[in-house]
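Got a structure here, written out as structure tokens. Questions coming.
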Amino acid sequence: MRKTTLLCLLLAAVCACQKTPVPEPAPADADLSGTTVDLSTVQGLVARKIFVLNEGQMGSNNATLDFLRVSDANYIAGAFKKMNPDAAAGLGDVGNDIVVIGDELWMVVNNSGIVEVLSARDETEVAVIALPTPRSIAFDQQYAYVTSWAGASFSDTKNPKGQVYRIDLKTKQVEGSVEVGYQPEGIALSQGKLYVANSGGISSTLPPSYSYDNTVSIIDAASFQLRQTVEVQVNLAKVFADGSGNVYVTTAGNYWDVHSGLYMLDAAGHVSHISDYVSLAALSGDTLYCLGTEEEYEWTLPSKIWEAWRCTNGQKENIDLALEEQTPYGLCVLGQNALMIGDAGDYFNPGSVALYVDGNKKWSVTAGVCPGHFAIW
Amino acid sequence: MGRRLLLALLLSAPCCLVQAQEADTLAPAQVFSVQSLPVIKAAEEVSLSRLAVPPSQLADILRRFTGVQVKDYGGAGGLKTINVRSLGSEHVGIFLDGIQVDNAQNMQVDLGRFSTESLGQIQLYNAQKSTRLQTAKAYASGAAVHLQSEWPLLLDSYGGKFSLRGGALGTIAPSLQWDQRLSSRLQLKAAAAFVSTNGRYPYPCFDTTLVRENGDLRSLRLEARLRGQVRGGSWDLHLYTYGSERGFPGPVIRRAQGFPFSAERQSDQDLFVQGGWQQEWTARYATAIKYKYSRNYTHYNTHPELNPMALPYDLHYLQQSAYLSVAQSYILADFWSVDLATDVQFNALDSDAGAFVTPRRTSFYGALATRLAWEKIRTSAQVVYQGSWDIFNTPQAGGWSRENAFRSAWMPAFSIWASPWHWLEVDAYAKSSYRLPSFNDLYYSLIGNAALEPEQALQLGADIRLGTSPGPWHWELRISPYWNSVRQKIVAIPTLSQFRWTMLNIGRVETLGMDVCAQTDFHAGDWTLEMALRYSLQRALDRSTPGSSTYGNQIPYIPLHSGSIYFSAKWKDWELGWDSSFTGSRWSRTANTPDYYLSPWSITDVSLGKLLRLPPLRHRARCPELRLGLTCGNLFNQPYQIVQGYPMPGINLMGNVSFSW
């Protein structure tokens, strides 16, 4: 059976050869198969794979990698373990970020202290880079930049500031770090500058100040020096840089009286407030898609009303979305008319990934625990 | 005569009862009556003084009981909790000398803190123990483990025991106990025990073998008990302090080379004072007063300077509790009695953790119970009222709040027992109970939910006991089918560290199960052979949301099948014990998928003991005794995990020497 499949794939590859000038052998993961889904109604989807990183539950070592193969619309769960059977410990504990750069897939495995580099073609391991408590990742042509909660010097036990580490893309070696604010989360590169969102998530629980961080640290990428610190709002979360020099930052709020929000920084570092109530955001080209609810602090409400909207050049525009999931945890924009939404369910058992086309749910498949992060190859 | 009858009844009683306790010289002058017997007998019972080499860990004794799951995070300092019949550990009351050991912070009582050294008897009751003059809280728990302090028979004015245990995991544990008769009506018992262990043991870590690190523990326990007799009554007072310093090795996960799994440390200082006074005012009317004050101070530090992977926490917690119970019992007729118990309790929790709300809780428990008892039939009915008032300080909201602060419940129960022939006993019970959300459930910053609904448990059960009277060859068989349902079940599972919990409201669980216990013993000449087979079937299913992917699945960590085999052979002063436990496959998630499948495991512990009687000292009635014991844990070196990510020790050898005089 497997042989036949391989033969078919080989034939397909040969057929493909006749059409494309560059011959491309079938990737090693070509015979993985999972759930067949329907992508026929998605318009303008230019991608080979959509990767899904499932965070897993902290301490349970159950982060997993899924992918949706566009060619045959097949959703394959648990791909890391299948393609790396010798990696006995699996992907690790808490997958926190995933980015495709070239033909490489970079993943941040937070509580394993690992940046995992895979081949995007077949999910086989390329490199494992050790870094303390890594959170998020950004790239330029030469380096990967990873935010980390751990201070460079651990002598300050009370409340160490975080770091941004720099990793050479070719050698996969760590080359220095820059101190930023407390518990940095998101990071993005815009016009030669790195924007880092400092959360202060741990600081908020520690004496004596019990306060969140409210700053964005701006680092000059070429010199790898901290240039500027800009105050935004408490508990910053993610950073997105569009192609026009706009930098969007989301905040998670203080879970009490300051709600989550979306802010925009221009190249001069001026901050403008765009919206409140942002739970999830994903960038597609120059447009940021957001999902949020005004009932975000209504902890006991059995179901909430979710709203979706998008933002281009700071201009907000509502979009229709009949969201059926009650615990959306990850967001990804596909083509011109589709959204993929990860549902965490009870945050304990495996969640699901759903496709919405033109605002309506088409299907959902079972994913791993807390499907929160997407990358398109 | 009374004592002989009691002895006979105790011997014929629970399936797994071993032998009646040593005669109690200081027992209150109580008129023995059928009203003093519990309607539902203990499901399991162990007299520690009967065991040549008693396990030092309470968890190792409870583990082999039917219907019991002990969750064990491994090692000496690892958390150990008990779950009975899938109700959840919060529904299991642990009672020390009739007073509940509680923990308002997370309602998880760590069995690892209890030493078996000062205990005489351990009993497990499904539903509850229902004897005269118990506290209202004892009526209120879903299942109960009763620990009774040991008061040895003093032939002289004083006695004592020194013991030393040591071996695997770098353990060394000396203890000293002193018993003193102060007068004919007053007895003192003082004990000191020290434990030191490095907690190091090899374990399989994915495709390699590592040694468990940062699992060391040092603890010191000091306690004194005083027991006195007054005309028609008795009183006791117990002072207890426990200090410990331990590391948590953390779950086994993928971790980059060069970073340790954990550098977390915790130190505890526990203190309690408890006591009681029981008085028979007339032949019909008696009262019992019980009281307790406890204070638990905890310092938790993740040491980020030693572990760059640690979240930088350095937190202090102080938990205090004050408790008073007044119980009254009146015998209306020889066959009819009425009990009324009223308890009040105050709990407070303080911490320097951020956004901490400093909760205070005042609880009231009232229990009214009545009992009809004849020789061949006994029945009881009760109703318990529980009301609790919380007040918590939220600086963000500008001060103290009583929002969602009052919770109350009525808990009825009924039980019946009959013994138509001496070889058959049948009982049945129905019980509704209720457990309050813990402070962590309600107020833990960013995870807690102040509007949380309490958990409610409904239990239906029956026991059929068959057996022969005591004699050279004796056997007993107990078959106990049951059904229970827990609604709005709150499940707390420790994640990264045992100190931080994830709240999971599974919602509703229905359990259909059966416990079977068969025991036999045989005496001939210098030989005594004992054997017990236990089997538990538990179908504990998630009934939360019809149509959900996990509906109808087995809940996490509950095996469908489990059991144990116990065998002991005594010849003269030698004793050999064999104890095997089996736990069937389980899942660590409600999603019963291969990713979360946990393999079955079985472990066998073997012990060998020798008693040496030395010649009596001058002017002393009692012969000094030297006991030597050797225990081999996990004889077949089976790698196993009770909780996923927490490997348990392989084969380990422990030696034990004790000298009593």
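The values are calculated or read from the model by the stated rules, or taken from the named source; none is laboratory data. Predicted, not measured: the structure shown is a model, and the values here were computed from it. FYI the Cβ positions are ideal-geometry reconstructions off the backbone, even for glycines, and counts take in every protein chain you see.
Please state which of the following conditions B:Asp334 fails to meet, knowing it meets all the rest: (1) surrounded by 15 or more Cβ atoms within 10 Å (Cβ to Cβ); (2) farther than 15 Å from B:Ala136 by Cα; (3) not aromatic (Phe, Trp, Tyr).
Among (1) surrounded by 15 or more Cβ atoms within 10 Å (Cβ to Cβ); (2) farther than 15 Å from B:Ala136 by Cα; (3) not aromatic (Phe, Trp, Tyr), B:Asp334 violates only (1).
Okay, residues lined up against (1) in contact with a Ser or Thr (Cβ under 9 Å, 6 or more places away or on another chain); (2) more than 30 Å from A:Val128 (Cα to Cα); (3) of a type outside the set (S, T, N, Q):
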position	(1), (2), (3)
B:Ala190	no, yes, yes
B:Leu217	yes, yes, yes
B:Leu239	no, yes, yes
B:Arg246	yes, yes, yes
B:Arg254	yes, no, yes
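Select from segment A:74-106 the residues that are within 10 Å of A:Thr64 (Cβ to Cβ) and hydrophobic (A, V, I, L, M, F, W, C) and list them in ascending order.
Selection gives A:Ala77, A:Ala79, A:Phe80, A:Leu91.
Looking at segment A:303-318, which of its residues are exposed (fewer than 14 other Cβ atoms within 10 Å of the Cβ) and β-branched (Val, Ile, Thr)?
A:Ile305
Now, a different point. Out of curiosity, is A:Ser272 in contact (Cβ under 8 Å) with a residue 12 or more places away in the chain, loosely packed, with under 12 Cβ neighbours inside 10 Å and assigned to a strand (DSSP E or B)?
On the way: in contact (Cβ under 8 Å) with a residue 12 or more places away in the chain: yes; loosely packed, with under 12 Cβ neighbours inside 10 Å: yes; assigned to a strand (DSSP E or B): yes.
In short, yes.
Do we have A:Ala267 as more than 14 Å from chain B (Cβ to nearest Cβ), touching a Ser or Thr at 6+ places or on another chain (Cβ under 9 Å), surrounded by 21 or more Cβ atoms within 10 Å (Cβ to Cβ) and under 24 Å from A:Gln191 (Cβ atoms) here?
Considered against the rule, which asks whether it is more than 14 Å from chain B (Cβ to nearest Cβ), touching a Ser or Thr at 6+ places or on another chain (Cβ under 9 Å), surrounded by 21 or more Cβ atoms within 10 Å (Cβ to Cβ) and under 24 Å from A:Gln191 (Cβ atoms), A:Ala267 comes out as no.
Sticking with this structure for a sec: Quick check on segment B:361-373. Is at least one of its residues within 27 Å of the chain's Cα centre (by Cα), over 30 Å from B:Ile391 (Cα atoms), crowded, with 18+ Cβ neighbours inside 10 Å and not hydroxyl-bearing (Ser, Thr, Tyr)?
Yes, segment B:361-373 has at least one match.
Would you mention how many residues in segment A:105-137 are more than 11 Å from chain B (Cβ to nearest Cβ) and either in contact (Cβ under 8 Å) with a residue 60 or more places away in the chain or of a type in the set (Ser, Thr, Tyr) (or both)?
8
Just name the residue that is nearest to the other protein chains (Cβ to nearest Cβ) out of those in segment B:628-661 that are surrounded by fewer than 21 Cβ atoms within 10 Å (Cβ to Cβ) and among the aliphatic types (A, V, I, L, M).
It comes out as B:Ile651.
Among the residues of segment A:74-104, which ones are of a type outside the set (S, T, N, Q), under 19 Å from A:Leu131 (Cα atoms) and within 14 Å of chain B (Cβ to nearest Cβ)?
Passing the criteria: A:Ala87, A:Ala89, A:Gly90, A:Leu91, A:Gly92, A:Asp93, A:Val94, A:Gly95.
Shifting gears a bit: Name, by its number, the condition in (1) away from chain B (no Cβ under 14 Å); (2) part of a strand (DSSP E or B) that does not hold for A:Val365.
Failed condition: (1).
Now for a different question. Only one of B:Arg225, B:Arg181 is basic (Lys, Arg), over 30 Å from B:Cys632 (Cα atoms), in contact with a His (Cβ under 6 Å, 6 or more places away or on another chain) and buried (at least 16 other Cβ atoms within 10 Å of the Cβ). Can you tell me which? It would help to see each step written out before you state the result.
Details: B:Arg181 fails: in contact with a His (Cβ under 6 Å, 6 or more places away or on another chain).
Going through B:Arg225, B:Arg181 in turn, the sole match is B:Arg225.
Scanning for something more than 22 Å from the chain's Cα centre (by Cα), within 19 Å of A:Gly113 (Cβ to Cβ) and modelled with pLDDT of 90 or more, does segment A:179-191 turn up at least one residue? So that I can check it myself, show each step before the final result.
Going through segment A:179-191, the residues more than 22 Å from the chain's Cα centre (by Cα) turn out to be A:179.
Restricting the remaining residues to those that are within 19 Å of A:Gly113 (Cβ to Cβ) gives A:179.
Still in the running and modelled with pLDDT of 90 or more: A:179.
Yes; the residues of segment A:179-191 include at least one that is more than 22 Å from the chain's Cα centre (by Cα), within 19 Å of A:Gly113 (Cβ to Cβ) and modelled with pLDDT of 90 or more.
Residue pairs, Cβ under 8 Å, 6 or more apart or interchain, first in segment B:257-280 and without any contact (Cβ under 8 Å) to a residue 12 or more places away in the chain, second not in a loop (DSSP other than H, G, I, E, B) and not β-branched (Val, Ile, Thr). List them.
Hits for this filter: B:Gln257/A:Ala130; B:Gly258/A:Ala130.
Are there strands (runs of 3 or more DSSP E) fully within segment A:140-239 with at least 3 residues that are under 14 Å from A:Leu265 (Cβ atoms) and away from chain B (no Cβ under 14 Å)? List them. Please lay out each step first, then the result.
Details: elements: A:143-148, A:163-168, A:174-179, A:184-190, A:193-198, A:215-220, A:225-231.
Passing ranges, in order: A:184-190, A:193-198, A:215-220, A:225-231.
A follow-up question, please. What number of residues in segment B:505-536 are among the aliphatic types (A, V, I, L, M) and out of contact with any Pro (no Cβ under 9 Å at 6 or more places or on another chain)?
Here the count works out to 7.
Also, I was wondering about something else. Restricting to segment A:292-337, count the residues that are more than 14 Å from chain B (Cβ to nearest Cβ) and either out of contact with any Cys (no Cβ under 9 Å at 6 or more places or on another chain) or in a loop (DSSP other than H, G, I, E, B) (or both). Steps first, answer last, please.
Keep residues of segment A:292-337 that are more than 14 Å from chain B (Cβ to nearest Cβ), which gives A:292-295, A:304-323, A:328-337.
Applying the additional criterion that residues be either out of contact with any Cys (no Cβ under 9 Å at 6 or more places or on another chain) or in a loop (DSSP other than H, G, I, E, B) (or both) yields A:292-295, A:304-306, A:312-315, A:318-323, A:328, A:332-337.
Of the residues in that region, 24 qualify.
May I pose another question? Restricting the search to segment B:116-147, which residues are more than 11 Å from the chain's Cα centre (by Cα) and assigned to a strand (DSSP E or B)?
B:Leu119, B:Gly120, B:Gln121, B:Asn126
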